[in-house]
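Every read-out reported here was derived from the displayed coordinates using simple, explicitly stated rules and does not represent laboratory data. Note that the structure is a prediction, hence the values are computed from the model and not measured. Quick reminder, even Gly has a Cβ in these numbers, built from the backbone with ideal geometry, and neighbours come from all protein chains shown.
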Amino acid sequence: KSIAFQSNRDGPYHIYLMNSDGSNLRQLTNGDNDDRHPNWSPDGKTIAVDTGDQVKREITLIDVGSKNRTQVTRLGMTAQFPSFSPDGKTIAFYLYNLGTMDLWTVGRDGSNAAAVTRQLATEANNQCTFACHSAGWSPDGTRVAFSDGDNARVLLMAALTGGTATPISPDDEKSHFPVFLADGRIVYVTEHVTANQSYTDLWVVDPNDMSAVRTELAQNVQAQGPFEFNKDGSELLFFSPRTGNFEIYSVTLDAAGKAALAEKAAISTGFGVTRTPVTPQTSVLPFQVTPELVVLGVLALLAIALELTVWIYRRRRAA
């Protein structure tokens, strides 16, 4: 098993691969391409990314074996966060254009690009039009789960026919980052942010039986999402600056793992809360904290600041 992730350690964002235990680190993309938000195809042979600049980005496929690139979309807008359907034939992604962001789908061969939502998020409504997670596909490929325009509720709707989205999380919380498990249940994140603390809860819900009470998967998690889960939801993968730099972590969601996720410490993480270095039940993947990584962490924060500046510019231009 391999993990794909993005890093700007050598300039533009590139895609890297490593084994699930952090070994065998290798670089998949290079050059001037700015590649972000990798998503594996179901057969593990291809990775979908969005590539481009701060204004225009397109969905591109990268063959893991040969490293050959195939451009999927040619929309001339900002396409981001691709997500393969379970059969590998369709890709969901978010598209920003002229102050509006919507969820779209496109065939793997670039055919049949179409919007699934209509004005999911708009700058006119003071909503966030910068996507922050990939849409989740149901195991049978008939439905997709995603966040609403306020990143406050998890929505569920038909993947290819569109229609009306159905909220599946309470309306008095800030919930997002939905992920389907293999049995059709959905895991999502509820975020709690106050002046002096920040934490998340993980919930499991059955979208086929909304009368059933949701199940607590983990609470008081000292990390923000998005999270990746294995098929049964017993393990998760996430990134966190809890050691002073952004690192990738894996944890088994047994009692010890949940306790480790809930621990706090005396290391400032930039989220307005201090967090405990991860305990032995979790594993840090795959880097030591070095001066070079400190510099990379600063560069990553600068990149986030640049994206925020572009977003503000778009809002002002739209106004």
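Would you mind putting 126-133, 193-200, 19-26 in packing order, based on average other-beta-carbon counts within 10 Å, highest first? Each step should come with its number before you reach the end.
Values: 126-133: 17.9, 193-200: 14.0, 19-26: 12.5.
Result, highest mean Cβ count within 10 Å first: 126-133, 193-200, 19-26.
When 1/r is averaged over all different Cα pairs and the result inverted, which Kirkwood radius in Å belongs to segment 54-106? Please report the intermediate quantities before stating the final value.
Numbers: mean 1/r = 0.0848 Å⁻¹.
11.8 Å is the Kirkwood radius here.
What list do you get for MET77, MET101, MET210 if you sort them by fewest beta carbons within 10 Å? Don't jump to the answer; show the numbers that get you there.
Working: MET77 17, MET101 24, MET210 12.
The most exposed by this proxy come first: MET210, MET77, MET101.
So how do 211-217, 134-140 stack up, highest first, on mean other-Cβ count within 10 Å? Before the final figure, lay out each step's value.
Values: 211-217: 12.0, 134-140: 20.3.
The most tightly packed comes first, giving 134-140, 211-217.
May I ask you to evaluate 6.51 cos²θ - 1.76 cosθ + 1.60, the Karplus curve with θ = phi - 60°, for each residue of segment 193-204 and list the ³J(HN,Hα) values in order in whole Hz, giving x for glycine and proline?
Ordered by residue, 3J(HN,Hα) equals 10, 10, 5, 10, 7, 8, 7, 10, 10, 10, 10, 10 Hz.
Apply the Karplus curve 6.51 cos²θ - 1.76 cosθ + 1.60, θ = phi - 60°, to the phi angles in segment 31-37 and return the couplings in whole Hz, x for Gly and Pro.
My calculation for segment 31-37 gives x, 8, 5, 9, 10, 9, 6 Hz in order.
Measure up LYS45/LYS258; LYS1/LYS89; LYS56/LYS231 against 26 Å on the Cα-Cα distance and list the ones that go over.
Working: LYS45/LYS258 33 Å; LYS1/LYS89 22 Å; LYS56/LYS231 34 Å.
In this structure, LYS45/LYS258; LYS56/LYS231 lie more than 26 Å apart at Cα.
Please compute the Kirkwood hydrodynamic radius of segment 118-262 from all pairs of different C-alpha atoms, in Å with one decimal.
Numbers: mean 1/r = 0.0628 Å⁻¹.
So the Kirkwood estimate lands at 15.9 Å.
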